[in-house]
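One structure below.
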Amino acid sequence: MFFWKRQRIEGYERWTGLNSMMQITIAPELGSKVISLKNVRTGREWLAQPDQGYGNGGYASSFAASDGSGWDEIFPTVNGCNYPTFPWQGVELPDHGEVWSLPWQTSAQDGKLRCEVHGIRFPYHLSKTYSFTEEERLRIDYRVRNLSPFPFSFLWAAHPLFRVKEGMEMIVPSELNKIVVSYSQNRRLGEMGDAHFWPNPCMDAGEIRLDRIESEAARTAEKFYFQGELPEGRAALYDPGTKERLTLLFPKEKVPYLSIWANYGGYRNQYHVALEPATGFLDDLSYAMEHGQAAIIKEHGTYHWFLEIEMSLADQA
């Protein structure tokens with residue numbers, strides 16, 4: 001059994017979905033941010049929580065000034081940039097895209113929760129539908145419609161800021177062995193575009209293990225992509241202390257890239273990790289388009305994909 005409940009708490013509308021294994025809460029007015037994702041059986045909250053309440057600075061505001069918590073939708077870029085081609089050449093894309101700072105329309109029907117929003121600077125309609133497909137699995141079906149008579153390129157990325165602790169593990173397909181840096185505070189991993197091996201990136205930089213969660217005292221913050229398209233749409237966080245695992249599953253044909261944002265106290269004194277399936281490579285849409293690594297929707301066309309969240313207990317990673 002599962003259900004969706006609508007409430008208004010602290011001035012914000014919230015929708016909560018619940019079954020015997022999982023509980024998820026979404027705030028439609030805050031960019032349809034997922035503000036809570038819990039394992040009902042263990043009581044574990046998987047998402048980072050804000051220090052001083054939820055909120056953002058409104059449309060096209062700086063993402064750095066938001067609450068630094070939960071799970072945001074990033075579309076149609078990560079880094080702010082200018083759209084490079086006709087007919088939107090020169091149009092500015094806001095930091096982390098448009099939709100995380102816009103209110104979404106939300107409704108529940110037949111056991112599903114539907115959230116939708118229209119673009120401001122670009123003619124698109126983006127929707128996502130949440131449904132519990134199994135007791136331990138939640139599915140999000142995404143659909144973006146291009147409302148124009150011209151092809152439209154975009155970069156979508158999931159942005160779940162997970163609560164972590166030292167010693168947890170990040171698990172990705174075994175074939176992945178190289179990363180490309182998007183950002184590295186104090187250049188620990190170099191500059192944007194630098195490539196390294198995974199999970200041991202720099203033989204001359206000490207015992208860095210990128211697949212292990214570091215201490216909050218590390219004071220580092222890094223964003224990197226796995227090089228090339230994925231062999232499998234899967235990534236997970238595993239806690240060897242509690243044997244809990246959270247796995248993200250997605251179609252590699254539609255979501256071919258994976259990045260990781262690892263913030264160990266180095267950025268705004270926050271401590272979290274994001275596993276970010278993405279439709280484009282590196283964080284700048286204009287860069288992705290230039291290198292043929294952005295998703296494209298044909299004129300008046302649609303683009304579909306999904307993301308599944310699975311919670312489980314495992315004897316080993």
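Of the listed requirements (1) surrounded by 15 or more Cβ atoms within 10 Å (Cβ to Cβ); (2) at pLDDT 95 or above; (3) not charged (D, E, K, R), Gly68 misses just one: (2). Applying the selection to segment 210-221, what residues are of a type outside the set (A, V, I, L, M), over 25 Å from Glu308 (Cα atoms) and surrounded by 14 or more Cβ atoms within 10 Å (Cβ to Cβ)? Within segment 210-221, Glu214, Glu216, Arg219, Thr220 meet the criteria.
Could you look through segment 1-15, keep only residues that are among the hydrophobic types (A, V, I, L, M, F, W, C) and at pLDDT below 85, and pick out the one that is farthest from Trp104 (Cα to Cα)?
We begin by selecting, within segment 1-15, every residue among the hydrophobic types (A, V, I, L, M, F, W, C); these are 1-4, 9, 15.
Of the ones still in play, those that are also at pLDDT below 85 are 1-3.
Working: Met1: 27, Phe2: 23, Phe3: 20 Å.
Here the residue is Met1.
Residues in segment 156-212 that are over 26 Å from Gly70 (Cα atoms) and of a type in the set (Phe, Trp, Tyr): Phe197, Trp198. Before we move on, is Ala314 closer than 19 Å to Arg209 by Cβ and not polar (S, T, N, Q)? Spelling it out, it is not the case that Ala314 is closer than 19 Å to Arg209 by Cβ and not polar (S, T, N, Q).
Confirm whether Asp95 is at pLDDT below 95, buried (at least 17 other Cβ atoms within 10 Å of the Cβ), of a type in the set (D, E, K, R) and in contact with a strand residue (DSSP E or B) (Cβ under 9 Å, 6 or more places away or on another chain).
Values: at pLDDT below 95: no; buried (at least 17 other Cβ atoms within 10 Å of the Cβ): yes; of a type in the set (D, E, K, R): yes; in contact with a strand residue (DSSP E or B) (Cβ under 9 Å, 6 or more places away or on another chain): yes.
No; evaluated as a whole, the condition is false for this residue.
Every test in (1) more than 17 Å from the chain's Cα centre (by Cα); (2) more than 23 Å from Arg139 (Cβ to Cβ) is passed by Leu313 save one, and that test is (2). Summed over segment 135-167, residues that are surrounded by fewer than 21 Cβ atoms within 10 Å (Cβ to Cβ), in a loop (DSSP other than H, G, I, E, B) and at pLDDT 95 or above total 9. Evaluate segment 255-263: report whether one residue or more is surrounded by 15 or more Cβ atoms within 10 Å (Cβ to Cβ), of a type in the set (Val, Ile, Thr), within 21 Å of Asn79 (Cα to Cα) and out of contact with any Ser or Thr (no Cβ under 7 Å at 6 or more places or on another chain). Yes, there is a match, as at least one residue in segment 255-263 is surrounded by 15 or more Cβ atoms within 10 Å (Cβ to Cβ), of a type in the set (Val, Ile, Thr), within 21 Å of Asn79 (Cα to Cα) and out of contact with any Ser or Thr (no Cβ under 7 Å at 6 or more places or on another chain). So for segment 269-277 (the condition being of a type in the set (Gly, Ala, Ser), touching a residue at least 60 places away in the same chain (Cβ under 8 Å), in a strand (DSSP E or B) and closer than 24 Å to Arg44 by Cβ), does at least one residue qualify? The answer is yes, given that some residue of segment 269-277 is of a type in the set (Gly, Ala, Ser), touching a residue at least 60 places away in the same chain (Cβ under 8 Å), in a strand (DSSP E or B) and closer than 24 Å to Arg44 by Cβ. Ser127 - would you say it is assigned to a strand (DSSP E or B), in contact with a Gly (Cβ under 7 Å, 6 or more places away or on another chain) and farther than 21 Å from Ala274 by Cβ? Here the answer is no, as Ser127 does not meet what is asked.
When only residues in segment 28-65 that are more than 27 Å from Arg245 (Cβ to Cβ), among the aliphatic types (A, V, I, L, M) and at pLDDT 95 or above count, which is surrounded by the most Cβ atoms within 10 Å (Cβ to Cβ)? The selected residue is Leu30.
Tell me the strands (runs of 3 or more DSSP E) entirely within segment 69-122 that contain at least 1 residues that are of a type in the set (Asp, Glu) and without any contact (Cβ under 8 Å) to a residue 24 or more places away in the chain.
Output list reads 112-118.
Pairs are defined by a Cβ separation below 7 Å, a sequence spacing of at least 6 or placement on different chains, a first member in segment 45-65 that is farther than 18 Å from Phe75 by Cα, and a second member that is among the aromatic types (Phe, Trp, Tyr); the pairs so defined are Trp46/Phe162; Leu47/Trp71; Leu47/Phe162; Ala48/Phe162; Tyr54/Tyr12. Within this structure, Arg219 passes the test of being charged (D, E, K, R), modelled with pLDDT of 95 or more and out of contact with any Leu (no Cβ under 6 Å at 6 or more places or on another chain).
The values are calculated or read from the model by the stated rules, or taken from the named source; none is laboratory data. Predicted model only: the values in this text are computed from it and were never measured. Backbone-built Cβ (ideal geometry, glycine too); neighbour counts: all protein chains shown.
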